Amino acid sequence: MTRRLEELFDFPPSEVTSEDTPTVEQTRTQLAEIDATIDKIDAALPAIRDLDTSDHELDEIANLAKESFQDLSDLGMQVDSRYSAELFAVASTMLGHALTAKTAKLNKKLKMVDLQLKKLKIDQDAARNAPEPAMETAHGTVLNRNDLLERLIATNSQNGNRA
């Protein structure tokens, strides 16, 4: 909304300023930072192999959106100024799609890391709380008094000691 409309209809001044909207360079910087973070996560997750297909698809979407942004920006510079605003708006939308694709890829990998950490914690808790296997210390039999005396006499006679 413009200032004139705000003054005409007595609206409070709008909070959105041109400083709030990211520039093309800021968006490109954010994309580069996200790419670097994704690469770090890829290096940290060698066990996850099933995500490669969707990663390639998201990378393809991001690259296609960046190429479209560049083509539309170049076209916007070459056409009449009354048409260039619409082209630049669509170009910025394409850059937003690239950023969204990269962010979705990053979020998916972070979620996988979170799930792996949770599984590791559950496994550690289960191992810590598992009952220890009972160690067998001795074998025993129940004997009455007469059987015990017979065994003792037999052991003494084998050793050469008579009672």
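Treat the count of other C-beta atoms within 10 Å as a stand-in for reagent exposure and order 3, 28 from fewest to most. Don't skip to the answer; put the middle values down first.
Working: 3 10, 28 16.
Ranked by crowding around the Cβ, least crowded first: 3, 28.
Inter-label distance, residue 147 to residue 64: 8.3 nm, where each label sits 7 Å from its Cα along the C-beta direction. Only one residue of 115, 43, 81 has its Cα farthest out toward the positive end of the dipole of segment 3-129, where Lys and Arg carry +1 and Asp and Glu -1 on Cβ, and that residue is 115.
Based only on the alpha carbon positions, what is the Kirkwood hydrodynamic radius of segment 3-129, in angstrom? Show your work: numbers first, answer last.
Working: mean 1/r = 0.0558 Å⁻¹.
In segment 3-129 this quantity evaluates to 17.9 Å.
For residue 121, the lysines whose Cα falls under 21 Å of its own Cα, not counting residues fewer than eight places away in the same chain, are 108, 109, 111.
A Förster distance of 35 Å, applied to the separation of the beta-carbon atoms of residue 123 and residue 74, puts the FRET efficiency at 0.05.
Taken one residue at a time, the phi angles of segment 91-97 give Karplus couplings (6.51, -1.76, 1.60, θ = phi - 60°) of 4, 5, 5, 4, 5, x, 5 Hz. Gly and Pro are set to x.
Sorted from longest to shortest, the spans of the Cα atoms of segment 77-136 along the three principal axes equal 91, 12, 7 Å.
Electrostatic bookkeeping for residue 79 treats Lys and Arg as +1 and Asp and Glu as -1; over the other residues with beta carbon under 14 Å from its beta carbon, the sum is -3. Whole-Hz Karplus values for segment 107-116 come out as 4, 5, 5, 5, 5, 5, 4, 4, 5, 5 Hz, taken residue by residue from phi with 6.51 cos²θ - 1.76 cosθ + 1.60 and θ = phi - 60°; glycine and proline positions read x. Note on residue 4 and residue 33: the extension gain reaches 6.5 nm, defined as 0.36 nm multiplied by sequence separation minus the Cα-Cα distance.
Throughout, read-outs are computed from the coordinates displayed, never taken from laboratory work. Quantities reported herein were computed from a predicted structural model and do not represent experimental measurements. All Cβ positions, even for glycine, are placed from backbone atoms using ideal geometry, and neighbour counts span all protein chains on display.
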